[in-house]
Amino acid sequence: MTLTPAPDAAARLPGPAPSASPVPSVLPSLSVSPSPSVPPSLVLRVCCEFGLTAVLLLGVVTGVRWLFAPDGYGGGGGAAFALLGAGVGALLAALMLSAPGRRSGAHLNPAVTLALWRLGAFPGRDVLPYCLAQLGGSVAGTWLGAVVWGPVVARPPVGYAAVRPGPGWGEGAVVVAEAGVLAASALMLAGLLARPVGRRLLPYAVGLVTALVIALLGPLTGGSANPARQFGPALLAWEAGGTGPLLWAYVAGPVLGAVAGAVLWRRLGGRQGGRQGARLGDRPVSPRET
């Protein structure tokens, strides 16, 4: 999973209806252009999202390949999920703190992009380009992982690192679990973005939460919490003639949960009274402040 805004327009985050368009930020920092008249290039930010998501998926495929099929045929277990979570969490935090991550906001997760939009922290016109870049980066990173590590990536138990639920977990249960994780993540994101110190801690918080989700929910639901995490692996596994790993639940759950969490934050903000309420901040924030 992944949380953050990017430089595109000067705007305030949820609070009294702003007159300007909301501005960007899942995974790390609320950043806006220093001059509204010269906004950072959307093309550049979208390219950053594509590249960062590709690197994330390459890391995921690499981790799954060596932790779950170290000898080329099998392995894994609870310890493997814990190690995979630690590795992916650290990689995610590093990507959020990188220069491209600060440029685009390093959402790396369509559900996070939607949540930030509903929170008023990301412009609606940029949602579709960001989501398409993240999904495209997912495919590219998964394909690159197969090129780097060879045929073992296509075979079980790796299967292009596609996520699958554990025994006894049906599609409905997966949707509920994934939605719950993203709803909580959206609330955490909003809470951290509401304070300068929270913005600085955001990459580390996102990395830690991602590590815990993979370690704890990996053996149960698969621990995806990110439509882009499943999209590329599921697509390539399906094209390779696999069993068609579950995709819709790993897309619907995070999207529904992210939007629900954002709506809940705004409702809570409206009830806490005062002009400050539960707003995400009083002014735009530059990348250096995150």
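With the requirement that a residue be basic (Lys, Arg) and not in a helix (DSSP H, G or I), what does the range 154-203 give you?
155, 164, 195 - these are the residues of the range 154-203 that are basic (Lys, Arg) and not in a helix (DSSP H, G or I).
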Single residue of 199, 195 found to be farther than 19 Å from residue 111 by Cβ, among the charged types (D, E, K, R), out of contact with any His (no Cβ under 6 Å at 6 or more places or on another chain) and buried (at least 18 other Cβ atoms within 10 Å of the Cβ) = 199
Could you tell me which numbered condition residue 209 fails, if it satisfies all but one of (1) open to solvent by 10 Å² or more (accessible area, probe 1.4 Å); (2) over 30 Å from residue 119 (Cβ atoms); (3) of a type in the set (Val, Ile, Thr)?
-> (2)
Regarding residue 79, is this residue over 16 Å from residue 225 (Cα atoms) and part of a helix (DSSP H, G or I)?
-> yes
Open to solvent by 10 Å² or more (accessible area, probe 1.4 Å) and among the β-branched types (Val, Ile, Thr): does that describe residue 62?
-> yes
Enumerate the pairs (first residue in the range 75-103 and within 12 Å of residue 56 (Cβ to Cβ); second residue anywhere and part of a helix (DSSP H, G or I) and open to solvent by 40 Å² or more (accessible area, probe 1.4 Å)) with beta-carbon separation below 7 Å, excluding pairs fewer than 6 apart on the same chain, so at least 6 apart or on different chains.
-> 89/208; 93/204; 95/55
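The values are calculated or read from the model by the stated rules, or taken from the named source; none is laboratory data. Source: prediction; values computed, not measured. As a convention, Cβ positions derive from the backbone with ideal geometry for all residues, glycine included, and neighbour counts pool all protein chains shown. In case anyone asks, the SASA skips ligands and DNA or RNA and just uses the protein heavy atoms, side chains included. Shrake-Rupley method; radii C 1.70, N 1.55, O 1.52, S 1.80 Å.
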